[in-house]
Amino acid sequence: ALTLEDALVQDNTLTGGKASNGGFAMGGGIMTDSANLYTDRVQISRNVAISGAAYTSDGVSGQPGGGGAYLTSFSGTPGCTARLVNTIVSDNQVTIGSPGMLTGGAGAGLTIQAITADILHSTLAGNQLGSELVLGGAISVQGLYGESGAPAIVNVDYSIIANHVNTETNYTAAVSVMRNSSLAFNNGIFSGNTNDTNANSIPILPGTITGLSSMTQVDDLRFVSPGPPDYDYHLQNSSPAIDQATSGSIPVDIDGEIRPFSIYPDIGADEYNQPTMVASPQSFLALADGAQVLTTSFLLQVNSGTQVAWSAETSESWLFLGTDGTAHQAQGAPGESLLVWIKPEFAPLGTHLGTITIAGENVNPTLLEITLLKVEKVQTTSLPLILR
């Protein structure tokens, strides 16, 4: 068995051997054979399976499959399972080696063959079939011998299948289920695929596909920044996936954040949690007398997602904000620092705790803490200090 938790499987390339008939390439990121697989809080991204080329153009290229992962039981052993939870499968590829004639290939994201698989609260997005390939931009579901042999049985619950576009042909499908195998959808989302499934017999006759009526079609998932260069499949606060997994029971998301954040869980691997402003550092201690003016700065950022403009405010008479040091409010652009002025002349002797509230649009605010220890006189000296 293979268990992956809190893992990143990224930027791997598998190339089949070159021969008179090129070799297969199965599983650019992960390949299992007759072994149970469990993933939770895993991202499988930007992996490539390239089949082996032939020696000459009249030879046969190998077949690539499972750009992200190839999950199979070549022996047809009953009972082999895969369970993918809170898993992002994105921007993986399958490509035919050249030279050589095409013989097949499928499953840019996942190939699931002759096993039982459950995919829960996962996001499959932007996986890419190479030239001339048409089966399973996101998932290819197939039996041991394609349309025969031990079948694959797949359940896809509360998951997103998005942005699988074949620029060469409409004769393609994001999810391809071959005859003799089956796939059941439950409460998920399709978006931006050339074709969602092969239920309409394009590009091949389908196996058993159920639950299509429970799937929602949307124009835009409103991911934070999908595809290159950021590959960020977190949800924006306006995503139609939010609060739509009405019966979901997975308690956390891909980041380990609690589900649900709101009334119901979100569909896909990410649970939208309103981000929070974070200051670095979070606090500051100042020792001063009435003659000193101290300054310090704080880098203000959002802990996840897109950075936002911020505003800062304090009610403390001895704290001033901004570049000129004369106001109790300040504003800044995304990722900018806040300059804080500490003026002990406006505070009595003693210890004072001051707070500054940092806020931004659609983010939770945060507090900065400034402690001022005001004394009658601050005296500095150099070591060694000798007292007689």
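The values are calculated or read from the model by the stated rules, or taken from the named source; none is laboratory data. Keep in mind that this is a model prediction, so the values were computed, not measured. As a convention, Cβ positions derive from the backbone with ideal geometry for all residues, glycine included, and neighbour counts pool all protein chains shown.
Suppose the filter is modelled with pLDDT of 95 or more and either charged (D, E, K, R) or more than 23 Å from the chain's Cα centre (by Cα) (or both); does Asp58 pass it? No; evaluated as a whole, the condition is false for this residue. Restricting attention to the range 204-226, the residues that are within 24 Å of the chain's Cα centre (by Cα), buried (at least 20 other Cβ atoms within 10 Å of the Cβ) and outside any strand (DSSP E or B) total 2. Among the residues of the range 174-194, those identified as under 23 Å from the mean Cα position of the chain (by Cα) and free of Cβ contacts under 8 Å to residues at least 60 places away in the same chain are Ala174, Val175, Phe185, Asn186, Phe190, Ser191, Gly192, Asn193, Thr194. Of the set (1) modelled with pLDDT under 95; (2) crowded, with 22+ Cβ neighbours inside 10 Å; (3) within 27 Å of the chain's Cα centre (by Cα), all apply to Gly67 but (1). The number of residues in the range 261-315 that are closer than 18 Å to Gln331 by Cβ and among the small types (Gly, Ala, Ser) comes to 6. Here the condition is being in contact with a strand residue (DSSP E or B) (Cβ under 8 Å, 6 or more places away or on another chain) and part of a loop (DSSP other than H, G, I, E, B); of Thr357, Thr306, it holds for Thr306 alone. The criterion of at least 1 residues that are among the charged types (D, E, K, R) is met by the following strands (runs of 3 or more DSSP E) wholly inside the range 111-203: 116-120, 153-157. Filtered by the rule that a residue be more than 18 Å from Leu129 (Cβ to Cβ) and either modelled with pLDDT of 95 or more or crowded, with 23+ Cβ neighbours inside 10 Å (or both), the range 14-33 gives Ile30, Met31, Thr32, Asp33.
For Gly256, the conditions (1) on the phi < 0 side of the Ramachandran plot; (2) surrounded by fewer than 16 Cβ atoms within 10 Å (Cβ to Cβ); (3) in contact (Cβ under 8 Å) with a residue 24 or more places away in the chain; (4) under 17 Å from the mean Cα position of the chain (by Cα) all hold with the exception of (1).
Among the residues of the range 227-246, those that are without any contact (Cβ under 8 Å) to a residue 60 or more places away in the chain, buried (at least 23 other Cβ atoms within 10 Å of the Cβ) and in a loop (DSSP other than H, G, I, E, B) comprise Ser239, Ile242.
Output yes when any residue across the range 51-64 is farther than 24 Å from Thr169 by Cβ, out of contact with any strand residue (DSSP E or B) (no Cβ under 8 Å at 6 or more places or on another chain), surrounded by fewer than 24 Cβ atoms within 10 Å (Cβ to Cβ) and not hydrophobic (A, V, I, L, M, F, W, C), and no when none is. Yes, the conditions are met somewhere in the range 51-64. The number of residues in the range 22-36 that are without any contact (Cβ under 8 Å) to a residue 60 or more places away in the chain and in a strand (DSSP E or B) comes to 4.
Restricting attention to the range 243-259, does a residue exist that is in contact with a Phe, Trp or Tyr (Cβ under 6 Å, 6 or more places away or on another chain) and among the small types (Gly, Ala, Ser)? Looking through the range 243-259, at least one residue is in contact with a Phe, Trp or Tyr (Cβ under 6 Å, 6 or more places away or on another chain) and among the small types (Gly, Ala, Ser).
Here Leu367 fulfils each of the conditions (1) hydrophobic (A, V, I, L, M, F, W, C); (2) surrounded by 14 or more Cβ atoms within 10 Å (Cβ to Cβ); (3) within 14 Å of Pro281 (Cα to Cα) apart from (2). Take the residues in the range 329-354 that are outside any strand (DSSP E or B) and under 15 Å from Phe298 (Cα atoms); name whichever of them is modelled with the lowest pLDDT. Checked the range 329-354; the qualifying residue modelled with the lowest pLDDT is Gly335. Would you be able to say whether some residue in the range 272-286 is at pLDDT below 90, under 20 Å from the mean Cα position of the chain (by Cα) and assigned to a strand (DSSP E or B)? Checked the range 272-286: at least one residue is at pLDDT below 90, under 20 Å from the mean Cα position of the chain (by Cα) and assigned to a strand (DSSP E or B). Annotation: of all residues in the range 259-279 being surrounded by 15 or more Cβ atoms within 10 Å (Cβ to Cβ) and among the small types (Gly, Ala, Ser), the one that is nearest to Gln307 (Cα to Cα) is Ala279. If you filter the range 83-104 down to residues that are in a loop (DSSP other than H, G, I, E, B) and under 26 Å from the mean Cα position of the chain (by Cα), you find that the one that is surrounded by the fewest Cβ atoms within 10 Å (Cβ to Cβ) is Asp91. Restricting the range 360-381 to residues that are of a type in the set (A, V, I, L, M, F, W, C) and in a loop (DSSP other than H, G, I, E, B), the residue that is nearest to Gln292 (Cα to Cα) is Val378.
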